[in-house]
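J.: My structure is below; once you've seen it, I'll send some questions.
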Amino acid sequence: MEKNRRQFLKESAATVAPLLVPASAWGANDRVAYAMIGTGNRGGGLNKTFQTVGAQCIGLCDVYGPHLEAAKANSPAGVKTFLDYHELLAMPGLDAVVIATPDHQHQPMLYAALAANKDVYLEKPMSLNLAQSQDMVERVGKSDRIVQVGMQRRSMEFIRNARQVVLSGAIGKVSMVKAAWNWRFDWSELLSNKPLEGTLDWARFLGPAPKRELEPRRFRWWRAFWDYSGGNMTDQGTHLMDVVQWMTDSGVPKSAVAQGYIADERGGEVPDVFSAVFEYPEMIASWTLNYTTTYDYDWSIRFLGREATMVLDRRGYRIMKNGPASSTPWRWKGTEEVTAEEPDRTDAGAHAANFLDCVRSRKRPNCPVEVAAAAVTGPHMANLALREDRKVKLGSTGMAIS
Ligand SMILES: NC(=O)c1ccc[n+]([C@@H]2O[C@H](COP(=O)([O-])OP(=O)(O)OC[C@H]3O[C@@H](n4cnc5c(N)ncnc54)[C@H](O)[C@@H]3O)[C@@H](O)[C@H]2O)c1
């Protein structure tokens with residue numbers, strides 16, 4: 001069966017359009033054979049998740065020995081390990097790859113995987129800048145591969161349901177959205193330059209980034225450096241701004257402004273306290289992050305509608321009805337009584353399971369690259385605004401993503 005399916009897919013790829021590959025080419029019990037590129041914090045977790053939802057891990061690649069060893073211990077006996085992802089991509093019998101490396105590696109690894117004819121689960125934020133986003137959307141559009149970006153809120157039931165509530169008009173026209181993320185970080189270990197334990201292939205870690213001598217903190221917390229990421233702005237912003245745009249069907253922002261500073265993340269380059277504001281045709285959205293406090297802990301998004309406010313956070317969604325309009329609004333006694341709610345009951349494997357379903361059915365995944373590109377457009381614009389100290393208008397960025 002396995003051989004027939006692979007043979008069929010190979011022949012199909014050469015002769016018919018991708019959407020015409022029938023789901024029946026995969027039997028119900030066929031397991032998708034995948035390999036991990038990047039087995040650190042996220043990759044290590046995803047490797048376990050993909051096995052839980054029924055896929056078979058056959059390969060692991062990482063440039064840091066301890067991460068590779070830990071992932072190997074959580075994979076089936078006989079799993080193959082690699083230092084060079086190109087060699088992993090040449091493995092026989094490989095259907096898909098999961099890419100969970102720092103952001104500066106996403107584009108080249110995606111392109112190599114597409115060239116090797118693999119389906120791809122690619123971690124967020126999908127790109128390092130706006131130009132990469134555009135090019136990645138075009139490349140994936142020309143390929144017949146399934147590409148799911150790791151923005152798992154797209155597969156969360158309570159968010160999908162919350163969207164229906166907002167689009168039904170139940171909370172009225174949304175004039176403003178406030179997205180926020182508050183954590184309290186101790187950076188002393190993460191940004192320390194003490195020597196790394198275990199082996200690291202630093203040149204391969206840098207990949208397309210500017211060459212430089214090994215600086216352990218750049219490996220430990222690459223998110224703090226512009227060469228490898230868009231900082232905290234795109235790291236968490238891509239998750240939340242996607243929900244903002246998806247729930248309101250707003251498209252990407254017309255403009256962005258941002259202010260921020262390094263409060264505690266010393267030794268790094270990116271702000272750990274910031275506020276960005278995005279302009280949409282009839283809506284303003286703010287995106288604030290503060291990594292010095294546990295107040296209003298974790299992520300939250302508040303949709304301020306004329307009739308009601310909807311709050312989304314890690315617990316689920318809640319709706320609070322508005323009071324009436326009044327010529328003496330200061331007299332209103334104000335309540336925040338919850339009038340409707342739904343808790344988060346999401347299965348942690350839902351987004352990975354959706355990817356596997358799409359590998360079998362060749363259907364569009366819940367988070368295709370166009371969605372991921374639109375989600376990170378605002379945060380990329382806000383980083384430009386912050387770093388160049390100006391208001392950034394979409395037209396001035398040369399982007400055609402909408
Ligand atoms: N969806 C989510 O909720 C979520 C959560 C956390 C992280 N992420 C994303 O996952 C990605 C990885 O983040 P992380 O926290 O796991 O970082 P990490 O530093 O813990 O892991 C990254 C791994 O990639 C490896 N790597 C770097 N260059 C490589 C190369 N050339 N070949 C093979 N391996 C290489 C590193 O050695 C490291 O083990 C990022 O894009 C991040 O934004 C997503």
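J.: Taking the range 297-338, which residues are touching an Asp or Glu at 6+ places or on another chain (Cβ under 6 Å) and loosely packed, with under 12 Cβ neighbours inside 10 Å?
T.: The one that is touching an Asp or Glu at 6+ places or on another chain (Cβ under 6 Å) and loosely packed, with under 12 Cβ neighbours inside 10 Å: Arg314.
J.: From the set of residues in the range 109-121 that are closer than 23 Å to Ala353 by Cα and among the hydrophobic types (A, V, I, L, M, F, W, C), which is nearest to the ligand (Cβ to nearest atom)?
T.: Checking each candidate, the answer is Met109.
J.: A further question on this structure: Among the residues of the range 328-364 satisfying the criterion of being part of a helix (DSSP H, G or I) and among the aromatic types (Phe, Trp, Tyr), which is farthest from Ala170 (Cα to Cα)?
T.: Applying the filter and picking the extreme gives Phe355.
J.: Next question, about the same structure. Among (1) of a type in the set (Lys, Arg); (2) surrounded by 17 or more Cβ atoms within 10 Å (Cβ to Cβ); (3) more than 16 Å from the ligand (Cβ to nearest atom), there is one condition Lys124 misses while meeting the rest; what is its number?
T.: Of the numbered conditions (1) of a type in the set (Lys, Arg); (2) surrounded by 17 or more Cβ atoms within 10 Å (Cβ to Cβ); (3) more than 16 Å from the ligand (Cβ to nearest atom), the odd one out for Lys124 is (3).
J.: Which one of these does Val165 not meet: (1) within 19 Å of the chain's Cα centre (by Cα); (2) surrounded by 18 or more Cβ atoms within 10 Å (Cβ to Cβ)?
T.: (1)
J.: Tell me which residues, restricted to the range 202-216, are more than 11 Å from the ligand (Cβ to nearest atom) and either in contact with a Gly (Cβ under 6 Å, 6 or more places away or on another chain) or of a type outside the set (Lys, Arg) (or both).
T.: Within the range 202-216, Pro210, Glu213, Leu214, Glu215, Pro216 meet the criteria.
J.: Touching a Phe, Trp or Tyr at 6+ places or on another chain (Cβ under 7 Å) and more than 23 Å from Asp235 (Cβ to Cβ), is that true of Glu336?
T.: Answer is no for this residue.
J.: Now, a different point. What number goes with the only condition from (1) of a type outside the set (Val, Ile, Thr); (2) touching a residue at least 60 places away in the same chain (Cβ under 8 Å); (3) in a helix (DSSP H, G or I) that Cys367 does not pass?
T.: For Cys367, the failing item is (3).
J.: Quick check on this structure: which one of Arg223, Arg218, Arg306 is under 18 Å from the mean Cα position of the chain (by Cα) and either at pLDDT 95 or above or under 21 Å from Val177 (Cβ atoms) (or both)?
T.: Answer to the selection: Arg223.
J.: Now a separate question. Regarding the range 339-353, can at least one residue be identified that is at pLDDT below 95, of a type in the set (Val, Ile, Thr) and surrounded by fewer than 14 Cβ atoms within 10 Å (Cβ to Cβ)?
T.: yes
J.: What is the residue count in the range 221-240 for residues that are near the ligand (Cβ under 10 Å from one of its atoms) and either outside the structural domain of Val277 (by TED's automatic domain parsing) or of a type in the set (S, T, N, Q) (or both)?
T.: Total satisfying the criteria: 4.
J.: Further, regarding this structure: Restricted to the range 32-76, and to residues that are within 8 Å of the ligand (Cβ to nearest atom) and of a type in the set (Ser, Thr, Tyr), which residue is surrounded by the most Cβ atoms within 10 Å (Cβ to Cβ)?
T.: Within the range 32-76, the match that is surrounded by the most Cβ atoms within 10 Å (Cβ to Cβ) is Thr39.
J.: Another one. Given the structure, is Val137 over 17 Å from the mean Cα position of the chain (by Cα), touching a residue at least 60 places away in the same chain (Cβ under 8 Å) and surrounded by 17 or more Cβ atoms within 10 Å (Cβ to Cβ)?
T.: no
J.: Got a sec? Which of Val243, Val270 is in a loop (DSSP other than H, G, I, E, B), surrounded by 17 or more Cβ atoms within 10 Å (Cβ to Cβ) and within 16 Å of the ligand (Cβ to nearest atom)?
T.: Unique residue meeting the criteria: Val270.
J.: Still on this structure, please answer the following. Among the residues of the range 86-108, is there at least one that is under 30 Å from Pro379 (Cα atoms), free of Cβ contacts under 8 Å to residues at least 40 places away in the same chain and within 9 Å of the ligand (Cβ to nearest atom)?
T.: Scanning the range 86-108, I find at least one residue that is under 30 Å from Pro379 (Cα atoms), free of Cβ contacts under 8 Å to residues at least 40 places away in the same chain and within 9 Å of the ligand (Cβ to nearest atom), so the answer is yes.
J.: Looking at the range 275-314, which of its residues are without any contact (Cβ under 8 Å) to a residue 40 or more places away in the chain and closer than 28 Å to Glu265 by Cα?
T.: Ser275, Val277, Asp313, Arg314, listed by residue number.
J.: Now, a different point. Would you tally the residues in the range 249-266 being in a loop (DSSP other than H, G, I, E, B) and out of contact with any strand residue (DSSP E or B) (no Cβ under 8 Å at 6 or more places or on another chain)?
T.: Final tally of qualifying residues: 3.
The values are calculated or read from the model by the stated rules, or taken from the named source; none is laboratory data. Computed from a predicted structure; not experimentally measured. Backbone-built Cβ (ideal geometry, glycine too); neighbour counts: all protein chains shown.
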